[in-house]
Amino acid sequence: SKERGKNNFQFYTPNLNEAYLRKIDLETRLRKAMEHRQLTLHYQPQFHLETGKIVGIEALIRWNHPELGTIPPCEFIPLAEETGLIVKLGQWIILKAIQQNKQWQQAGFPLLPIAVNVSVKQLQEEHFIDFIEKALEDTGLNAHYLELEITESIMQDVDQSIERLNALKALGLKIAIDDFGTGYSSLNYLQYLPIDYIKIDKTFIDNIIDKDTCGSIVTSIISMAQSLNFDVIAEGIENEKQVQYLIENQCKVGQGYYYSKPLPSQEIENLLKKQYK
Ligand code: C2E
Ligand code: CA
Ligand code: CA
Ligand code: CA
């Protein structure tokens, strides 16, 4: 009844209600954004630290709204995960990234892997593996040049995750654990995960020089990775000192504003042309 409706409404504080409305609003806009091509991918190059050569590229989504401006992924990705929109959005992202990488290869650029962020909701979706397989087939990209970045949240269902990751690896692609060290990390399970890379989270790289604890966390992650036969990628490198520290401690690859921000595809092409000419 109307009466009850009114009473229910009182349960919401004005703030909560506002947040709720904003969320619904954002969801509607996100659906429209997917239809109206407001979404693009930017690309952040990954560098071999010692030589400064580009060895990979991470795809990161951008949303340019005609009125609201740029909406950062940290605001809409969690929403897309909550509402299930992430499955469709994620498919768009993967396809776009694979197509772009194939295009670069066909244009004669060096063969580089493209890394795509994948949320655990996508990984759990039943058609995910078929989708990836078909996307690779349709575009003709060799699976060797695709990497999927997943977070430690896959640990919530370790058995299912291991099964999925094995099926993905059977396609020939590579798996990275993103933001390593920030999740509820179960070092114990790490040895059972069929992964290729660990990405050391920016929060540890930030204080690598100033805080002894961060330095030693980073060196332990690196030596643990070595003993488990994973490669390591450092995230969020912002200065030369961090690069030196990482090189001295056997970290081979990294990315961050020190080298390059995420860029539109055209600017990546310019970088590649300069470097590989
Ligand atoms: P992430 O995957 O850990 O990506 C790294 C984030 O740090 C990116 O922010 C990147 O622009 C930023 N970054 C890179 N180097 C530096 C640096 O040196 N300094 C600083 N301050 N920041 C740096 P972005 O693009 O805003 O993405 C934020 C997060 O949103 C990503 O974190 C990822 O979790 C999520 N995300 C972005 N694109 C996608 C996507 O296509 N799919 C999914 N599922 N998630 C995405
Ligand atoms: Ca990532
Ligand atoms: Ca990360
Ligand atoms: Ca992150």
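Antiparallel DSSP bridges in the chain: what percent, to the nearest 5?
Close to 40 percent.
Calculate one ³J(HN,Hα) per residue across region 92-102 by plugging θ = phi - 60° into the Karplus curve 6.51 cos²θ - 1.76 cosθ + 1.60, and present them in order as whole Hz with x for glycine and proline.
For region 92-102, the Karplus curve yields 4, 4, 5, 4, 4, 5, 5, 4, 4, 5, 4 Hz.
Using the alpha-carbon atoms, what tilt in degrees (0 to 90, nearest 10) does helix 212-228 show relative to the longest principal axis of the chain?
Tilt of helix 212-228: around 70 degrees.
Can you work out the FRET efficiency for the pair ALA170 and LEU111, with r the C-beta to C-beta distance and R0 = 22 Å, to the nearest 0.05?
FRET efficiency, ALA170 to LEU111: 0.55.
Checking the table LYS134/LYS202; LYS53/LYS96; LYS134/LYS261; LYS96/LYS199 against a 28 Å threshold on Cα-Cα, which pairs fail?
LYS134/LYS202; LYS134/LYS261
Any chance you could run the full-extension gain for GLU75 through GLN156? It's 0.36 nm times the residue separation minus the Cα-Cα distance, nm to one decimal.
26.9 nm
Figure the gain on full extension for GLU267 and LYS32 (residue separation times 0.36 nm, minus the Cα-Cα span) and round it to one decimal in nm.
So the chain would gain 81.9 nm between GLU267 and LYS32.
Could you tell me the largest-minus-smallest coordinate of the C-alpha atoms of the chain on each of the three principal axes, in descending order and whole angstroms?
For the chain, the Cα extents along the three principal axes come out at 69, 45, 37 Å.
With n ≥ 4 as the cut-off for DSSP H runs, can you work out [θ] at 222 nm for the chain, using -39500 (n - 2.57) per run divided by the number of residues, rounded to the nearest 500?
Calculated at 222 nm, the ellipticity per residue is -16000 deg cm²/dmol.
Nothing charged except the Cβ atoms of Lys and Arg (+1) and of Asp and Glu (-1): what's the magnitude of the dipole of the chain about its Cα centre? Round to the nearest 20 debye.
Using Cβ point charges on Lys, Arg, Asp and Glu, the chain gives about 820 debye.
Send over a whole-number figure in Å² for the accessible area per residue of the chain, probe 1.4 Å.
The answer is 53 Å² per residue.
Report the charge-dipole magnitude of region 159-215 in Debye, nearest 20, computed about the Cα centre from +1 at each Lys and Arg Cβ and -1 at each Asp and Glu Cβ.
Dipole magnitude for region 159-215 comes out near 220 debye.
Could you point to the residue in GLY256, GLY236, ALA80 farthest towards the positive end of the chain's charge dipole, with +1 and -1 charges on the Cβ of Lys/Arg and Asp/Glu respectively?
ALA80
Looking at region 159-277, what % of the alpha carbon pairs are farther apart than 26 Å?
Tail of the P(r) past 26 Å holds 30 percent of the pairs.
Determine the share of the chain's accessible area contributed by carbon and sulfur atoms, expressed in whole percent, with a 1.4 angstrom probe.
Its accessible area is 50 percent carbon and sulfur atoms.
Which residues in region 247-277 have a backbone N closer than 13 Å to a point placed 7 Å from the Cα of GLU50 along the Cα-to-Cβ line?
Only 247-253 fall inside the zone, counting backbone N under 13 Å.
Taking 7 Å along the Cα-to-C-beta vector as the label spot, tell me the LEU68-THR83 distance in nanometres, rounded to one decimal.
In this crude spin-label approximation the distance works out to 0.9 nm.
Once amide H atoms are built 1.01 Å from N in the peptide plane, which residues 5 or more positions from HIS65, or in another chain, come under 5 Å H to H?
Result for HIS65 returns THR70, ILE71.
Which angle between 0 and 90 degrees, to the nearest 10, do you get for helix 14-35 versus the longest principal axis of the chain when only C-alpha atoms count?
Long axis of 14-35 versus the principal axis of the chain: about 60 degrees.
Given Cα positions, please report Rg to Rh for region 1-158, the hydrodynamic radius being the Kirkwood one.
For region 1-158, the value is 1.08.
Rounding to the nearest 10 and keeping the result within 0 to 90°, find how far the Cα-based axis of helix 158-171 lies from the longest principal axis of the chain.
60
In whole Å, how far is the Cα centre of region 21-89 from that of region 141-190?
The two parts, judged by their Cα centres, are 21 Å apart.
Between GLU58 and residues 5 or more places away or on another chain, which pairs have amide H atoms under 5 Å apart, with H built 1.01 Å from N, and which residues are they?
When sequence neighbours closer than 5 places are left aside, the close amide H contacts are GLN44, GLN46, ALA115.
Connecting C-alpha atoms closer than 10 Å in a GNM of the chain, tell me which of TYR197, TYR259, TYR20 has the biggest fluctuation.
In this elastic network of the chain, the residue with the biggest mean-square fluctuation among TYR197, TYR259, TYR20 is TYR20.
Mind checking which of ALA59, VAL118, GLN100 is farthest towards the positive end of the chain's charge dipole, using Cβ charges of +1 (Lys, Arg) and -1 (Asp, Glu) about the Cα centre?
GLN100
The values are calculated or read from the model by the stated rules, or taken from the named source; none is laboratory data. Remember, it's a predicted structure, so these values are computed and weren't measured experimentally. We place every Cβ from the backbone using ideal geometry, glycine too, and count neighbours over all the protein chains shown. Calculation scope for accessible area: heavy atoms of the full protein, side chains included, ligands and nucleic acids excluded. Shrake-Rupley method; radii C 1.70, N 1.55, O 1.52, S 1.80 Å.
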